[in-house]
Structures are given as structure tokens and as C-alpha cells.
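Report on the following structure.
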């Protein structure tokens with residue numbers, strides 16, 4: 001139950017500290033959150049498969065998040081904003097696969 | 001329901017979930033503020049923005065029109081002042097001609113009066129000049145001397161003096177004005193010519209001239225006693 005409590009605490013913190021995000025960075029934070037969600041569901045799936053390793057989870061979470069934002073940034077700098085879509089599709093596909101596996105464990 | 005291997009794993013996962021929740025809320029807020037920027041405005045809001053901008057444009061263009069109107073008024077004022085000045089200059093010129101202060105040229109008549117017996121008086125010459133004035137003469141000269149408002153004739157020992165200058169016979173009187181009217185004024189039956197010609201040794205010659213030249217009145221005019229009266233309400 002601790003992770004869920006952490007999630008709730010994070011939401012409350014976000015509501016309390018109203019950190020403004022410049023419109024130009026909304027894209028990057030968005031893709032970073034998609035990567036974070038992917039990592040989180042990957043962790044959930046790993047724990048259900050009893051293969052969860054916290055070190056792998058933590059490094060994966062941060063690496064995926066930062067890399068996702070970085071790739072989109074590079075794409076924007078090179079004039080290929082479509083790289084954003086590539087990241088969205090890649091993380092989206094993984095997210096759905098993880099969700100599918102989790103669904104099979106729970107039900 | 002969920003089975004984590006260790007307590008440490010639970011804590012790290014919890015921390016990461018905290019981070020995730022924090023990011024999620026921040027992003028939702030950011031998305032909200034982003035949607036408030038122009039590209040994500042609703043059609044209604046965009047319409048409102050356009051209306052506001054149009055109002056501002058209208059205000060500014062009406063200000064421009066006001067400024068142009070004021071400029072136009074100033075220019076008008078300047079032009080009318082110029083007109084007044086020109087008129088004043090023209091009036092001054094007219095008054096100068098009238099007062100005999102400027103040399104003038106134009107058509108008119110020339111009268112040559114020969115007085116062999118020296119019987120004419122200053123008043124006779126003055127009478128001729130009066131007739132010319134009555135005939136609308138705009139400038140008169142007697143023996144090249146301008147006859148202005150200050151004309152004074154005097155007879156001393158057979159000689160006629162005009163403003164202390166001796167006038168020699170023959171008397172040459174030039175008058176600028178309508179030649180026909182001037183001629184009629186002088187030759188009127190029973191007029192000045194008839195009256196003076198009847199005198200012994202006096203003869204008149206009247207010629208119509210196209211380009212008479214009359215010089216300016218030379219003597220300085222000074223007013224020691226007469227002072228202009230200031231009109232009330234001015």
C-alpha cells in the first residue's frame with residue numbers, strides 16, 4: 001500500500017506547490033510522464049511476475065523519463081517534431097502491453 | 001494483493017510514485033495554462049480577443065483622425081493669417097499710393113498751362129488739382145513734384161511756390177487715373193479750363209498719356225499735433 005500512499009502524497013504535493021510549466025516545456029514533461037507511467041506499469045508487472053528488482057526499476061524510471069524528454073528535445077532542435085510521435089508510439093505500445101499482462105494477472 | 005520482495009523496494013517504489021504523482025499534477029496544470037495561450041483558445045475567446053483588438057484599432061485610428069484634423073486646422077489658421085498679412089500689406093501699399101509715398105506709373109493725362117502774364121494764383125493751380133481729384137485722379141504731380149495731402153500754394157512776387165519750391169512756367173500737371181474722366185473733369189463747359197483760358201495770356205494743352213511716371217512725395221511728413229484717435233472696443 002506504500003506506493004499508492006506515495007502517489008497520493010505526490011498528487012497533494014503537486015496541488016500544494018503550484019509550479020508553473022512554461023508552455024514550451026509542456027511537450028517534454030508530457031512525454032517524460034508517459035515514460036514514467038510506462039516504467040511504473042513495467043514495475044507493477046515485474047512485481048506480479050515476481051521478477052521485480054528495485055535497482056532496475058529506479059534506474060529504468062529515471063533513464064526512460066529523461067531520455068524520452070531528451071529525444072523529443074533533439075527532434076525539435078533538428079526540425080523533426082515528428083520524433084515526438086515516435087516516442088509516444090514506442091512508449092504507448094509498451095504501456096499497453098504491460099497493462100495487458102497486468103490485467104491477465106489480476107483477473 | 002501485491003507482493004513486493006522487500007520493504008526497501010516498497011519504499012523506493014513509493015518515492016517514485018510520489019514523483020510520478022507530482023509530475024502528473026504539474027503537467028495537468030501546465031496543460032491548463034498552455035490551453036489558455038493563443039493557439040489553444042476556444043473560438044469564443046479568440047473572437048473576444050479579435051473584438052478587443054478591433055476596438056483598440058478603432059480607438060487608435062480615431063485618434064489618428066483627430067490628430068490629422070488638428071494639423072489641418074493649424075494649417076488653415078496659418079493660411080488665413082498669411083491671407084490677412086497679405087491683405088494688410090496690400091492695404092498699406094494702397095495707402096502709400098494715396099499718401100504719395102511711392103513712385104507710381106500708369107495712364108492718365110498731362111496738362112500744360114502756360115501763363116505768360118503771371119496772372120495765375122496758387123489757388124488757380126489748386127483749383128485744377130481739385131478738379132483732377134474730383135475726376136478720380138489717383139496720383140498728381142506738378143512740375144515733377146508729387147502733389148500729396150500736404151499741398152500748399154503761395155504766390156510771392158509773381159512766382160508761385162508749391163511747398164516752398166518755386167514753380168516755373170509752364171506748369172506741367174500730370175494726373176494718373178481714368179484719362180477720359182479726367183479730361184472731362186477739366187474741359188467741363190464752364191469748368192476750370194474755360195474759366196482760366198479766358199484770362200489773358202493763359203493757354204491750356206491737355207494730352208492723354210499711356211505711361212505717366214510720377215515720383216514719390218519727397219518731403220518728410222511729421223505730425224506734431226495730430227494724434228490718431230484710438231477707436232473704442234479695439
In this structure, does residue B:193 turn out to be outside any loop (DSSP other than H, G, I, E, B), touching a strand residue (DSSP E or B) at 6+ places or on another chain (Cβ under 6 Å) and free of Cβ contacts under 8 Å to residues at least 40 places away in the same chain?
-> yes
Criterion violated by residue A:13 - all others in (1) assigned to a helix (DSSP H, G or I); (2) surrounded by fewer than 16 Cβ atoms within 10 Å (Cβ to Cβ); (3) facing another protein chain (nearest Cβ under 7 Å) satisfied | (2)
Of all residues in region A:23-52 being more than 15 Å from the chain's Cα centre (by Cα) and either more than 8 Å from every other protein chain (Cβ to nearest Cβ) or touching a residue at least 40 places away in the same chain (Cβ under 8 Å) (or both), which is nearest to residue A:74 (Cα to Cα)?
-> A:24
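Every number here is computed from the coordinates shown, using simple stated rules; none is lab data. In this text, all values refer to a predicted model and were calculated from it rather than measured experimentally. Counting neighbours? That spans all protein chains shown, and the Cβs are built from the backbone with ideal geometry, glycine included.
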